[in-house]
Every structure is written in C-alpha cells, then in structure tokens.
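Structure record follows, encoded as structure tokens.
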Amino acid sequence: MYKKRLKELREEKEVKQKELANLLGIKENTYSEYEIEYKIIPIKHLNTLCNYFNVSIDYIFDLTNFRSYPNCNNKINKNLMKIRLKELRKKHQLTQVKLANTINVAPSTISDYEREENVIATPFLYDICKKYHISADYLLGKIN
C-alpha cells in the first residue's frame, strides 16, 4: 500500500527513520514497522509524512505517479470528507451497509465517518480509493 514509496522518499531525502519518528512523536521501531507495513500507519501520521515530503497521499498509496497536486491543503478536512463520502455512496448507489460490506467494516464505522466522529482509517481509505477509483486526497478534502 505505502511501504515502497515511504522508503523511496526517505532514502531520496537522505533522512533516517529516527528523524521521521521524532517528527511523528513515535519510537523509531514504530516508524520502522510503518515503513514495512508491519503496523498500519494512522492517517494523521501519513498526512504529516506527505506534508514533510511534499507529496500526495495518492502518490504514497501508489495510485498515481504525480507527486503532488497544485493547491493541496496540508490538513484533512473532516467536513468535506463526510460530504464526499456520502456523494461517493450516492453515486454508486450504496447504502452505508453496502459500503461497509465492500470494505469489510461495521456499518457503524461508515456512519462514524459520515458524522465526522473519525477520519477514514488508512486501510479503508486505500480500499475505497482502489475500488471506486477516487483520489484519497480528494476524499479527505485536501484537494478539489
């Protein structure tokens, strides 16, 4: 999902895992586990890394070869996320239950996303983007 690009970007910028761990406020071994996808990186940490490397989440997810988008926001916009997730569901004629079944989560999880209780978790964001051919950055309100 993201390990290839994370390692490439870190090596390209000649940054140590320890430096990135410090940036995220985590232990070095935790960052190492993110980079090899042993642990799933939380979306807030993924966003911080994208901002640090000046790349899009789509690029990190290997959904595009374009490194960044013009006029990209650094922050995730939960209000736009909920609106765009609902729009996606309606476009594909999906109920919350159907979308939840598609990405293997509880329907309450989709409800939480659409009520701005939580930001879409990294693996579910990736699954939605792959399945429905939508930009992660767009879905999270980082780009228009």
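Computed from the coordinates by the stated procedures, all read-outs in this text should not be read as laboratory data. Keep in mind that what you see is a predicted model, and the values were worked out from it rather than measured.
Give me the percent relative contact order of the chain, please, defined on Cα pairs under 8 angstrom at least 6 residues apart.
25 percent
Taking 18 Å as the cut-off for C-alpha to C-alpha distance, list the pairs among Lys91/Lys131; Lys4/Lys131; Lys39/Lys98; Lys3/Lys44 that go past it.
Lys4/Lys131; Lys39/Lys98
Apply the Kirkwood formula to segment 1-78: the hydrodynamic radius equals the inverse of the mean of 1/r over all pairs of different alpha-carbon atoms; give it in Å with one decimal.
12.6 Å
Which distance in Å, rounded to a whole number, links the C-alpha centroids of segment 89-136 and segment 1-26?
Their Cα centres are 28 Å away from one another.
Relative to the present Cα-Cα distance, how much length would full extension add between Lys75 and Tyr52 at 0.36 nm per residue of separation?
7.1 nm
Over the chain, consider all pairs of different Cα atoms and compute the Kirkwood hydrodynamic radius from their mean reciprocal separation; express it in Å, one decimal.
Answer for the chain: a Kirkwood hydrodynamic radius of 15.6 Å.
Kindly provide the helix-only [θ] at 222 nm of the chain, computed as the sum of -39,500 (n - 2.57) over DSSP H runs of four or more divided by all residues, to the nearest 500 deg cm²/dmol?
It lands at -16500 deg cm²/dmol.
Can you list residues from other chains, or at least 5 along the same chain, whose modelled amide H is less than 5 Å from the amide H of Lys39?
Tyr34
Quick one: Karplus J couplings for segment 50-65, per residue in order, coefficients 6.51, -1.76, 1.60, θ = phi - 60°, nearest Hz, x for Gly and Pro?
Values per residue, Gly and Pro as x: 4, 5, 4, 8, 6, 10, 8, 5, 4, 5, 4, 6, 6, 8, 8, 9 Hz.
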